[in-house]
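A short worksheet on the structure shown next.
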Amino acid sequence: MSLQGKRILIAKPGLDGHDVGAKVIALALRDAGAEVIYTGLRKAPDFIANVAVEEDVDAVGLSILSGSHLELVAETVRQLRLLDGGAIPLFVGGTIPAEDHAALNAAGARGIFTADMKIKDVVAAIDAELG
């Protein structure tokens with residue numbers, strides 16, 4: 001497993017102020033060979049999409065613990081499409097109930113990761129998706 005040469009944006013949309021999980025994933029992706037760009041806390045979907053397109057990333061990972069994952073994923077995907085970045089795979093992780101997974105996939109999320117998953121499994125899933 002190697003994400004060598006891949007550029008991945010990790011972002012914290014919305015008002016959620018906890019970023020430990022995002023930083024842990026960012027470090028794990030870096031250790032797997034990816035170049036990781038972290039936007040920091042409380043970024044709007046349009047800001048995230050702009051950075052993703054400007055930085056020519058291979059994937060976007062959103063970390064959401066606030067419960068607003070459905071809206072934030074849908075809006076980030078919409079913003080990416082507006083900027084011709086609709087082909088960029090988007091992943092979401094955080095506090096996400098199982099009953100929301102289908103809606104997130106329908107909104108455009110290519111992977112959904114929760115706190116009960118092992119970090120190595122999250123990295124492997126992203127690696128498999130980005131091939």
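The values are calculated or read from the model by the stated rules, or taken from the named source; none is laboratory data. Quick caveat: nothing in here was measured; it's all calculated off a predicted structure. Neighbour counts are summed over all protein chains in view; Cβ atoms, including those assigned to glycine, are modelled from backbone coordinates with ideal geometry. Just so you know, the surface numbers come from the protein's heavy atoms only, side chains and all, with ligands and any DNA or RNA stripped out. Shrake-Rupley method; radii C 1.70, N 1.55, O 1.52, S 1.80 Å.
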Exactly one of these conditions fails for Val36: (1) farther than 18 Å from Gly108 by Cα; (2) open to solvent by 50 Å² or more (accessible area, probe 1.4 Å). Give me its number.
(2)
Which of the residues that make up the range 1-24 are open to solvent by less than 40 Å² (accessible area, probe 1.4 Å) and closer than 23 Å to Gly86 by Cα?
Leu3, Ile8, Leu9, Ile10, Ala11, Lys12, Pro13, Gly14, Ala22
Quickly run through the range 83-120 and pick out the residues that are part of a loop (DSSP other than H, G, I, E, B), surrounded by 13 or more Cβ atoms within 10 Å (Cβ to Cβ) and in contact (Cβ under 8 Å) with a residue 40 or more places away in the chain.
Pro89
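State the number of residues belonging to the range 54-83 that are under 25 Å from Ser2 (Cβ atoms) and not hydroxyl-bearing (Ser, Thr, Tyr). Break it down into steps so the answer makes sense when it comes.
Residues of the range 54-83 under 25 Å from Ser2 (Cβ atoms): 55-63.
Filter once more, so that each one left must be not hydroxyl-bearing (Ser, Thr, Tyr): 55-62.
Within the range 54-83, residues that are under 25 Å from Ser2 (Cβ atoms) and not hydroxyl-bearing (Ser, Thr, Tyr) number 8.
Which ones in the range 15-33 are charged (D, E, K, R) and farther than 22 Å from Gly108 by Cβ?
Going through the range 15-33, the residues charged (D, E, K, R) turn out to be 16, 19, 23, 30-31.
Passing the criteria: Asp19, Lys23, Arg30, Asp31.
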What about Ala124, is it touching a residue at least 60 places away in the same chain (Cβ under 8 Å) and open to solvent by 30 Å² or more (accessible area, probe 1.4 Å)?
yes
Can you find even one residue in the range 28-38 that is touching a helix residue (DSSP H, G or I) at 6+ places or on another chain (Cβ under 9 Å), free of Cβ contacts under 8 Å to residues at least 60 places away in the same chain, among the hydrophobic types (A, V, I, L, M, F, W, C) and not in a loop (DSSP other than H, G, I, E, B)?
yes
Given the options Leu83, Leu72, name the one that is among the aliphatic types (A, V, I, L, M), over 17 Å from Ile37 (Cα atoms) and over 13 Å from the mean Cα position of the chain (by Cα).
Leu83
Given the structure, is Ala44 open to solvent by less than 50 Å² (accessible area, probe 1.4 Å) and either farther than 14 Å from Arg7 by Cα or in contact with a helix residue (DSSP H, G or I) (Cβ under 8 Å, 6 or more places away or on another chain) (or both)?
yes
Subset of the range 9-24, residues in a loop (DSSP other than H, G, I, E, B), small (Gly, Ala, Ser) and either touching a strand residue (DSSP E or B) at 6+ places or on another chain (Cβ under 8 Å) or within 12 Å of Tyr38 (Cα to Cα) (or both), comes to Gly14
Can you pull out every residue in the range 1-13 that is of a type outside the set (A, V, I, L, M, F, W, C) and under 13 Å from the mean Cα position of the chain (by Cα)?
Arg7, Lys12, Pro13
